[in-house]
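Enquirer: Here it is: the structure, laid out below.
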Amino acid sequence: MTAIRKGSSHAICLPDYGVTLDRSGGDEGHTFISHAHADHLPRRGGGGPDAAIVATPPTARLMRLRGYRGEVRELPFGEPLELERCRVTFLPAGHILGSALTWVEGKEGSVLYTGDCRTPPSPASEGFKLPEGEVDHFITEATFSLPIYRWPSGEELAAQVRGFALKSLEEGATPVFLAYSLGKAQEIMHLVAPLGETVQIHNAGHKLCGIYEEEGIDLGRYEAYDRDSCEGKILVCPSSAWNNGFASHLRNTRLAYCSGWATRDGARTQLTADELIPLSDHLDFFELIRLCRELRPGKVWITHTPNPAVVQHYLKEEGIASDVLRKNGKDTQAGEEDPS
Ligand SMILES: [Zn+2]
Ligand SMILES: [Zn+2]
């Protein structure tokens, strides 16, 4: 059996295979980056001379646009990379554009690592695909690790997003979607594109939109946020920008908070949002259990979770062995730079 351990700075290491999953910088074999969110990117800006960072082509481009200066070897989905002691293949993870499941096959057992993932996939991603073959070790995040997290269907969420935008505009108000700049913002743009209205997006997200369009994702009509012309358009910005005065000169705005955390009681009062849309780019609790049931791995390794015991309880009822991936007895908590 191959060893799995939590490395430095939240990286996950497979030392027998010379493979590191996310968050390293080059001195522990090959580092496979699952996607371009900050909590998964290489810890150092460049990596040493031996750094071998591997990512899908869209992830590599998003990383560079977000400031990564090191070398990145691009590995497209479905093309196996043969290393000395194992073979590694990326498969679409449905989380954001370019996001990948990492599938590692070798003599000491197979490992499937999710990074972050979503089933059903985000409509603004390449889809979701499982490997063919037995999974010995399944390493998965469990951000939404309680049964209170159950998302509405994709159709219901799309209707809620479009309905909020149209109703606000009809009432003469400017709709503002609070959504993370990479992934969620473009998903909302894709969902409102059929309305034919112009979207203005905060600069942090705007610079990433071209890569989505190059990969064939329709983002409709959009432009960068402009204080003087934003009134009456659909606005998209991260919560942090809103708190820093984004569009604060407009008197008549309607606010929609888009996140899996919008499911929680009290989120409305905390955020004074007019609408809570539980639009997440992670899988919900039941999708996670279903995925484990479908895969039937030798063992599930849980990471990035506030409530591993609840997940483990449900897995045990399914007859699936599980463990929590800990470093020095502590698990990584979800939420740190994690745009869920
Ligand atoms: Zn992510
Ligand atoms: Zn994450």
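The values are calculated or read from the model by the stated rules, or taken from the named source; none is laboratory data. Since this is a predicted model, take the numbers as computed values, not measurements. Positions of Cβ are generated from backbone atoms using ideal geometry, with glycine treated the same way; all protein chains shown enter the neighbour counts. In case anyone asks, the SASA skips ligands and DNA or RNA and just uses the protein heavy atoms, side chains included. Shrake-Rupley method; radii C 1.70, N 1.55, O 1.52, S 1.80 Å.
Enquirer: Just the number, please: percent antiparallel of the DSSP beta bridges in the stretch 1-126, rounded to the nearest 5. Don't skip to the end; give the middle numbers.
Expert: Values: 16 of 24 bridges.
Here the share of antiparallel DSSP bridges comes out near 65 percent.
Enquirer: Ignoring ligands, DNA and RNA, what percent of the accessible area of the stretch 208-316 is carbon or sulfur (1.4 Å)? Write down the numbers at each step before the final one.
Expert: Details: 2220 of 5190 Å².
Within the stretch 208-316, the accessible surface is 43 percent carbon and sulfur.
Enquirer: If Leu276, Leu291 are ordered by their accessible area, calculated over protein heavy atoms with a 1.4 Å probe, which sequence runs from highest to lowest? Don't jump to the answer; show the numbers that get you there.
Expert: Details: Leu276 30, Leu291 10 Å².
From most exposed to least exposed: Leu276, Leu291.
Enquirer: Quick one: work out the % antiparallel among DSSP beta bridges in the chain, nearest 5. Present the calculation step by step, with values, prior to reporting the outcome.
Expert: Numbers: 18 of 54 bridges.
That works out to approximately 35 percent antiparallel.
Enquirer: Please work out the average accessible area per residue across the stretch 124-194, using the 1.4 Å probe convention, and give it in Å². Numbers along the way, then the final one.
Expert: Details: 2650 Å² over 71 residues.
I get 37 Å² per residue for the stretch 124-194.
Enquirer: Counting other Cβ atoms within 10 Å, keep those with at most 11, restrict to DSSP loop, and tell me which GluC sites (Glu not before Pro) in the stretch 142-190 are left. Intermediate values should be presented prior to the final figure.
Expert: Details: sites: Glu155, Glu156, Glu170, Glu171, Glu187; in loops: Glu171.
Within the stretch 142-190, the qualifying GluC sites (Glu not before Pro) (loop, at most 11 other Cβ atoms within 10 Å) are Glu171.
Enquirer: Using a probe radius of 1.4 Å on heavy atoms only, what accessible surface per residue do you get for the stretch 33-117? Whole Å² is fine.
Expert: 37 Å²
Enquirer: I would also like to ask the following. Accessible area per residue for the stretch 225-308 in Å², computed with a 1.4 Å probe and the full protein assembly in place, what is it? Don't jump to the answer; show the numbers that get you there.
Expert: Values: 3850 Å² over 84 residues.
Per residue, the stretch 225-308 has an accessible area of 46 Å².
Enquirer: Loop only per DSSP, at most 11 neighbouring Cβ atoms within 10 Å: give me the trypsin sites (Lys or Arg not before Pro) in the stretch 191-274, ordered by residue number. Write out the running numbers ahead of the final one.
Expert: Details: sites: Lys207, Arg221, Arg227, Lys233, Arg251, Arg254, Arg264, Arg268; in loops: Arg221, Arg227, Lys233, Arg251, Arg264.
Here the trypsin sites (Lys or Arg not before Pro) that fit, given the DSSP loop and packing criteria, are Arg251.
Enquirer: Over the chain, what is the mean sequence separation of C-alpha contacts under 8 Å (at least six apart), divided by residue count, expressed as relative contact order in percent? Write down the numbers at each step before the final one.
Expert: Working: 757 pairs, mean separation 53.8, N = 340.
Dividing the mean separation by the residue count of the chain yields 16 percent.
Enquirer: Taking the 0 to 90 degree range and rounding to the nearest ten, how far is the long axis of helix 154-170 tilted relative to the main principal axis of the chain, both from C-alpha atoms?
Expert: The angle comes out near 20 degrees.
Enquirer: Further question: Return the loop-located trypsin sites (Lys or Arg not before Pro) in the stretch 130-185 (DSSP other than H, G, I, E, B) with at most 14 other Cβ atoms within 10 Å of their own Cβ; answer none if there are none.
Expert: On the way: sites: Arg150, Arg162, Lys167, Lys184; in loops: Arg150.
Here the sparse-neighbourhood loop sites are Arg150.
Enquirer: Roughly speaking, what is the stretch gain from His313 to Thr198, that is 0.36 nm per residue apart minus the C-alpha to C-alpha distance, in nm to one decimal? Spell out each step's value before the answer.
Expert: Working: separation 115, 0.36 × 115 = 41.40 nm, distance 4.70 nm.
Contour length minus Cα-Cα distance gives 36.7 nm.
Enquirer: Could I ask something else about it? Using 0.36 nm times the number of residues separating Ser153 and Arg293, minus their current alpha carbon distance, what extension gain do you get? Each step should come with its number before you reach the end.
Expert: Working: separation 140, 0.36 × 140 = 50.40 nm, distance 2.04 nm.
Stretched out fully, the Ser153 to Arg293 stretch lengthens by 48.4 nm.
Enquirer: Using each residue's phi in the stretch 189-203, evaluate 6.51 cos²θ - 1.76 cosθ + 1.60 at θ = phi - 60° and report the 3J(HN,Hα) Karplus result to the nearest Hz, with x for Gly and Pro.
Expert: The phi angles translate into 4, 5, 6, 8, 3, x, 6, x, 8, 7, 9, 10, 10, 3, 4 Hz.
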